[in-house]
Amino acid sequence: MKTHLLPEQGRFYKANMHCHSTCSDGKWTVERLKEEYMKRGYSVVAFSDHDRCISHNELSGADFLALTAYEADVSDWAVKDSRFRRCYHFNCFAKSPEADGREVTPVPEYRDMAAVNDFVARLNEAGFLVCYNHPNWSQQTLDDYGGLKGLFGCEVYNHSAMLDGIDADQEQPYDALLRRGNRLFCLAADDNHDHFPPEHPLNDSFGGFIMIKAPALSYGAIMTALERGEFYASMGPEIYSLYVEDMRLHVECSGVRSIHMTTAGRRAAVARAETGKTLTSAAFEIDPTDGYVRLQLTDREGLRANTNACFVDTLPQR
Ligand SMILES: [Zn+2]
Ligand SMILES: [Zn+2]
C-alpha cells in the first residue's frame, strides 16, 4: 500500500509565502506584486507585511489567491545596535481571509521564552498558522529557537537573506526543532522587498517558493493543504511524486545531481548521479526507529528542494 505524502489528486500551485509590499517596507504595490508573480507562474502570494494583518481579498480570482498574513516581530530592544539585535520574526498565515486588522497583542519581551511561546499559542488560538522565519538573519542560535513550541513551519530558505549575504546553512534549525520532538513543516520563501528591478541579479523576488498540491485554488483548499503539509519547498527543482511503500520512501523529480535523506539520528542516505548525468527518481529504506525522514534534492546549479519531514510513527509498518 502506498502512503502518498503529496496527494495523488489535485494540482500543484506555486506560492511565495513571505512578501512585503508598499503596505510596509516593500517597493512594489500589491497589484504589481500580483502581476509580476503571476507572470512567472505563481498562483498564491501570502502578503506578509510587517506587524499589520491586511487582507487583499480583492486580488483573488480564478487564477490567483491572496493569503491574508503578517510578519510579527519580537525584537530584543535592549540591544541598541540594530546589527546585533536578535529577533523572532513569525509569519502568521490567517486561516480565514477576513483576518484584516486581527494582529495578536501584546507582543512579549524577547528574553522571556515562556512569554514567546504563549504569544505563538495566542496566534494559533486566533486562527493563524505560525512560521519561524530566517534564523540566520535574526542572529539567532539554538539558545534562541531551541525552545520554540506551536510552530506550523520553519523557513529553510530565505531568498532575501541569501542576497543580503547572510546564507549559511538554513536547514539546521529545522532539524534541531524536529529532533526536539516538534512536528512542523519547512518552507522556502522570498521575503522580497524589491529594491531592484525584476531583471536585476539582486532583485529578491522569485527565488524561494513552495509548491502546494490541492484540489482547487480556493482559500479553504489551500489552507487545508498547508495544515496537512501537502507541499514541498524549492529554489528550483520540481518534485512530481513522493510516497512511502513497504517502508521505502520514493521520490520522482526533475533532473537533480543528488538526493539526500535525513533522519532524526545519524543514519542517512544519499543518491548521486554519475558525472554529467542527472537523477529523476530515488528510493530509500526507512527504518522504524528513524523518527522522521526528509529529503533534500540539489540540482546541477546548486538549487535545492526540500520535502517536509515525514514522521515514521504515522506510517503503516511493514
Ligand atoms: Zn523578517
Ligand atoms: Zn519579512
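Set side by side, the residues ASP63, ASP49, ASP25, ASP81 differ, and just one is within 16 Å of ligand 2 (Cβ to nearest atom), charged (D, E, K, R) and surrounded by fewer than 14 Cβ atoms within 10 Å (Cβ to Cβ), which is ASP25.
Filtering the range 175-194 to residues that are touching a residue at least 24 places away in the same chain (Cβ under 8 Å) and more than 16 Å from ligand 2 (Cβ to nearest atom) leaves ASP175, ALA176, LEU177, LEU178, ARG179, ARG180, ASN182, ARG183, LEU184, PHE185, CYS186.
Of all residues in the range 131-165 being of a type in the set (S, T, N, Q) and part of a loop (DSSP other than H, G, I, E, B), which is farthest from ligand 1 (Cβ to nearest atom)?
Step one: list which residues in the range 131-165 are of a type in the set (S, T, N, Q), which gives 133, 136, 138-141, 158, 160.
The next check asks that each one be part of a loop (DSSP other than H, G, I, E, B); those that pass are 133, 136, 138-141.
Working: ASN133: 5, ASN136: 11, SER138: 7, GLN139: 12, GLN140: 11, THR141: 17 Å.
Among those residues, the one meeting the criterion is THR141.
Among the residues of the range 129-163, the ones that are hydroxyl-bearing (Ser, Thr, Tyr) and either more than 16 Å from ligand 2 (Cβ to nearest atom) or without any contact (Cβ under 8 Å) to a residue 40 or more places away in the chain (or both) come to 2 in all.
Quick check, is ALA115 among the hydrophobic types (A, V, I, L, M, F, W, C), surrounded by fewer than 20 Cβ atoms within 10 Å (Cβ to Cβ) and touching a Gly at 6+ places or on another chain (Cβ under 8 Å)?
no
Of the residues LEU6, LEU33, which single one is more than 21 Å from ALA221 (Cβ to Cβ) and open to solvent by less than 20 Å² (accessible area, probe 1.4 Å)?
Details: LEU6 fails: more than 21 Å from ALA221 (Cβ to Cβ).
The unique qualifying residue is LEU33.
Taking strands (runs of 3 or more DSSP E) that fall entirely within the range 210-318, which contain at least 3 residues that are in contact (Cβ under 8 Å) with a residue 60 or more places away in the chain and open to solvent by 10 Å² or more (accessible area, probe 1.4 Å)? Working first, answer last.
Details: elements: 231-234, 239-245, 248-256, 258-263, 269-272, 279-285, 292-298, 304-307.
It comes to 239-245.
Every condition in (1) more than 21 Å from TYR145 (Cα to Cα); (2) within 16 Å of ligand 1 (Cβ to nearest atom); (3) aromatic (Phe, Trp, Tyr) is met by PHE64 except one, and the failing one is (2).
Would you confirm whether or not the range 64-82 contains a residue that is more than 26 Å from ILE222 (Cα to Cα), more than 22 Å from the chain's Cα centre (by Cα) and not in a loop (DSSP other than H, G, I, E, B)? Can you show your working first?
Looking only at the range 64-82, we keep the residues that are more than 26 Å from ILE222 (Cα to Cα), and these are 74-82.
In the following step, the residues that additionally are more than 22 Å from the chain's Cα centre (by Cα) were identified as 76-82.
Still in the running and not in a loop (DSSP other than H, G, I, E, B): 82.
Yes - at least one qualifying residue is present in the range 64-82.
When restricted to residues that are open to solvent by less than 10 Å² (accessible area, probe 1.4 Å), of a type in the set (A, V, I, L, M, F, W, C) and within 24 Å of PRO237 (Cβ to Cβ), the range 126-165 contains 4.
Looking across ALA176, ALA99, one residue alone is in a loop (DSSP other than H, G, I, E, B), open to solvent by less than 20 Å² (accessible area, probe 1.4 Å) and out of contact with any Asp or Glu (no Cβ under 9 Å at 6 or more places or on another chain). It is ALA99. Candidates are the residues of the range 8-40 that are within 18 Å of the chain's Cα centre (by Cα) and more than 16 Å from ligand 1 (Cβ to nearest atom); the one that is nearest to ALA69 (Cα to Cα) is ALA15.
The C-beta contact set for the range 89-113 (first residue farther than 17 Å from GLU125 by Cβ, second residue open to solvent by 20 Å² or more (accessible area, probe 1.4 Å) and within 16 Å of ligand 1 (Cβ to nearest atom), distance under 7 angstrom, 6+ apart or interchain) comprises HIS89/ASP73; TYR110/ARG86.
Just checking, how many residues over the range 36-46 are of a type in the set (A, V, I, L, M) and open to solvent by 50 Å² or more (accessible area, probe 1.4 Å)? Steps first, answer last, please.
Keep residues of the range 36-46 that are of a type in the set (A, V, I, L, M), which gives 38, 44-46.
Checking which are open to solvent by 50 Å² or more (accessible area, probe 1.4 Å) leaves us with 38.
Total satisfying the criteria: 1.
When LEU123, LEU187, LEU202 are screened for being open to solvent by less than 10 Å² (accessible area, probe 1.4 Å) and farther than 20 Å from THR307 by Cβ, only LEU123 passes. Considering the conditions (1) more than 16 Å from ligand 1 (Cβ to nearest atom); (2) modelled with pLDDT of 95 or more, MET1 is excluded by exactly one of them, (2).
The values are calculated or read from the model by the stated rules, or taken from the named source; none is laboratory data. All values derive from a computational prediction rather than experimental measurement. Glycine gets a Cβ as well: all are built from the backbone with ideal geometry, and neighbour counts include every protein chain shown. Remember, those area values only see protein heavy atoms, side chains included, never the ligands or the DNA or RNA. Shrake-Rupley method; radii C 1.70, N 1.55, O 1.52, S 1.80 Å.
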